[in-house]
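Enquirer: One structure coming up, written as structure tokens, with questions to follow.
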Amino acid sequence: MQEIRPSVTTQDIICEEVAAPPSALVVFGASGDLTRRKLLISLAQVFKRGLLDERFYLLGVGRKKLISKQFRQIAQQAIQENSSGISAKELKSFTDKLYYISGDYSDPLFYDSIKVKLAELDKKHKVDGSRIFYLAVPPFLYSTIVEQLGSAGLSCPGEPASRQRVRLVVEKPFGRDLQSAVELNRIIHRCFDESQVYRIDHYLGKETVQNILIFRFANAIFEPIWNRNYIDHVQITIAESIGVGHRASYYDKAGALRDMFQNHMLQMLALVAIELPTSFEADHIRDEKVKLLRSIRPFKLDELDSFIVRGQYGPGSINGKKVVGYRAEPGINPQSKAETFVAAKLFMDNWRWKGVPFYLRTGKRLARKDTEIAITFKKVPHSMFISAGLANMPPNVLVLQIQPEEGISLSFQAKRPGSKICMSTLDMNFNYQSVFGIEMPEAYQRLLLDCMVGDQTLFTRYDGVEIAWQLLTPVLEAWQNDEAAPYEYAAGSDSFAEADSLIEADGRKWRKL
Ligand code: BG6
């Protein structure tokens, strides 16, 4: 395959970032991994970019007994280790805005102390009571904290104006099946209005994922061919080379269907397949997503294996290094049936997509990290080059490369110079980094900012979450009742026979990782 590089002219449309208004961020789970690895680092970057109001402050809440000084030291270290280009002065100014309070999440008195602390800090930083409660805790604590915030009068669901001053951010996983998600939504809605709730799916904060809608709807040429008349099939892949890492206790109870498929995969699918929203408003986009998810054909339990299969990594090697199988990972049950790989074939029963298969796969410990959406168009209906021995020409493939090599490529046929009719498949490539010359910002920067400015577009709504669970809960139940374990694949491989059959039965192949 040859590669050409078009000269790209980017006509820059003036687009200034909206800075966050003054507010407090109250992070539950402040001594945990997510806060250290993602939130503090992203906030420091937002601060460095001048997008945090100078009155902003963060109150870390945790079970671990720390004082604010220790919390600031932890933050400083995490930011220094992971954030490039932040000066010592900027770091100090940022960490001076951090505070910490420790206590027991289920104790109502703790919430009284939080209330007092917030009043004191609001006064000190001249914040008017605008605050965001961020749940960066294990999911089993979500309902306890939400209920306690409600009982302490901190959730503020009253008048629309005062409501908008208080927001709640909930991390994924949001529930572990349909019933638990409905129950969690019910508890949240008792204390918060839906307009106050921001359910995070960090994939929606990735630049390349946000670009899907721009690509589709800010260009006139793609929409007319974006349907069953021109598209043969779509493949969506999230492949990771990492294993379960240090998240054994969470992951072994979750598995890939809950961890990646119910959220990241279905959200990307929705963006590729939704109808044109009326406008770029949060609810217009979310309405279309819900409509799309509702159109996905439910899995038939008597033919599950032809539509969805699960695998679990065995021992193997990644980049030439031997790695253990999933069951031998620290903290994993040696008989675990948790799936680390899911491949599925989905159909959308609607006018646009009827009959077009969407093949989705995600897995850990695969050959390499690669997230992409590949749209394969139909082949030419008739080859006029048969006499030149070219009866069967490859179809055009449009690849939205989500990560790590962010870009877009389109393959097409071209004549090789020379007197004979010879063709090559060429790729027209666009690479974010070389065109825009910047490192892609971490998804959490966008999401935290959006939450502070009150834009819910990139957050999932309660009905979207429930519909996704409605589709997958029967599968989870069927797998749970199945004596058989997931199929084993060698760590470092691309796939395994049963996942291959799912697509090969239709005369197609997975794209090479
Ligand atoms: C998380 C999952 O939501 O996404 C992890 O819980 C996964 O298991 C991670 O590794 C992948 O995110 P990214 O941004 O590295 O693709």
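The values are calculated or read from the model by the stated rules, or taken from the named source; none is laboratory data. None of these values were measured; they are calculated from a predicted model. Counting neighbours? That spans all protein chains shown, and the Cβs are built from the backbone with ideal geometry, glycine included. Just so you know, the surface numbers come from the protein's heavy atoms only, side chains and all, with ligands and any DNA or RNA stripped out. Shrake-Rupley method; radii C 1.70, N 1.55, O 1.52, S 1.80 Å.
Enquirer: Considering only the range 273-284, state which residues are buried (at least 21 other Cβ atoms within 10 Å of the Cβ) and in a helix (DSSP H, G or I).
Expert: If we filter the range 273-284 for residues that are buried (at least 21 other Cβ atoms within 10 Å of the Cβ), which is where we start, we get 273-274.
Within the range 273-284, just 273 meets the criteria.
Enquirer: When you go through (1) open to solvent by 10 Å² or more (accessible area, probe 1.4 Å); (2) more than 19 Å from residue 376 (Cβ to Cβ); (3) out of contact with any Lys or Arg (no Cβ under 9 Å at 6 or more places or on another chain); (4) in contact (Cβ under 8 Å) with a residue 24 or more places away in the chain one by one for residue 209, which number turns out not to apply?
Expert: All conditions are met except number (1).
Enquirer: For the condition away from the ligand (no atom under 16 Å from the Cβ), open to solvent by 20 Å² or more (accessible area, probe 1.4 Å) and closer than 20 Å to residue 499 by Cα, what is the one hit in 298, 334?
Expert: Working: 334 fails: closer than 20 Å to residue 499 by Cα.
Answer to the check: 298.
Enquirer: Next question. Filter the range 229-250 down to residues that are over 18 Å from residue 315 (Cβ atoms) and out of contact with any strand residue (DSSP E or B) (no Cβ under 9 Å at 6 or more places or on another chain) and give me whichever is farthest from the ligand (Cβ to nearest atom).
Expert: Taking the range 229-250 first, the residues over 18 Å from residue 315 (Cβ atoms) are 229-239, 246-247, 249-250.
Right, trim to out of contact with any strand residue (DSSP E or B) (no Cβ under 9 Å at 6 or more places or on another chain) and you get 229, 246-247, 249-250.
On the way: 229: 33, 246: 11, 247: 7, 249: 13, 250: 8 Å.
The qualifying residue farthest from the ligand (Cβ to nearest atom) is 229.
Enquirer: Please indicate, with yes or no, whether at least one residue in the range 197-207 is over 30 Å from residue 150 (Cα atoms) and touching a strand residue (DSSP E or B) at 6+ places or on another chain (Cβ under 8 Å).
Expert: Step one: of the range 197-207, the residues over 30 Å from residue 150 (Cα atoms) are 206-207.
Then keep just the ones that are touching a strand residue (DSSP E or B) at 6+ places or on another chain (Cβ under 8 Å); that gives 206.
Yes: the range 197-207 contains one or more residues that are over 30 Å from residue 150 (Cα atoms) and touching a strand residue (DSSP E or B) at 6+ places or on another chain (Cβ under 8 Å).
Enquirer: Moving on. Right, residue 216: open to solvent by 10 Å² or more (accessible area, probe 1.4 Å) and either in a helix (DSSP H, G or I) or modelled with pLDDT of 95 or more (or both) or not?
Expert: On the way: open to solvent by 10 Å² or more (accessible area, probe 1.4 Å): no; either in a helix (DSSP H, G or I) or modelled with pLDDT of 95 or more (or both): yes.
No.
Enquirer: Could I ask something else about it? As an exercise: evaluate residue 170 against (1) within 16 Å of the ligand (Cβ to nearest atom); (2) open to solvent by 40 Å² or more (accessible area, probe 1.4 Å); (3) free of Cβ contacts under 8 Å to residues at least 60 places away in the same chain and give the number of the one condition it does not meet.
Expert: (2)
Enquirer: Please verify whether the range 443-462 includes one or more residues that are within 29 Å of residue 340 (Cα to Cα), open to solvent by 50 Å² or more (accessible area, probe 1.4 Å) and in contact with a helix residue (DSSP H, G or I) (Cβ under 7 Å, 6 or more places away or on another chain).
Expert: yes
Enquirer: Related question: Taking the conditions exactly as written (of a type outside the set (Val, Ile, Thr), away from the ligand (no atom under 16 Å from the Cβ) and farther than 17 Å from residue 288 by Cα), does residue 219 satisfy them or not? It would help to see each step written out before you state the result.
Expert: Numbers: of a type outside the set (Val, Ile, Thr): yes; away from the ligand (no atom under 16 Å from the Cβ): yes; farther than 17 Å from residue 288 by Cα: yes.
It is true that residue 219 is of a type outside the set (Val, Ile, Thr), away from the ligand (no atom under 16 Å from the Cβ) and farther than 17 Å from residue 288 by Cα.
Enquirer: Using beta carbons and a limit of 7 Å, which pairs, at least six apart or on different chains, have the first residue in the range 233-254 and of a type in the set (Val, Ile, Thr) and the second one near the ligand (Cβ under 8 Å from one of its atoms) and assigned to a strand (DSSP E or B)?
Expert: Close Cβ pairs (under 7 Å, with a partner that is near the ligand (Cβ under 8 Å from one of its atoms) and assigned to a strand (DSSP E or B)) amount to 237/371; 238/371.
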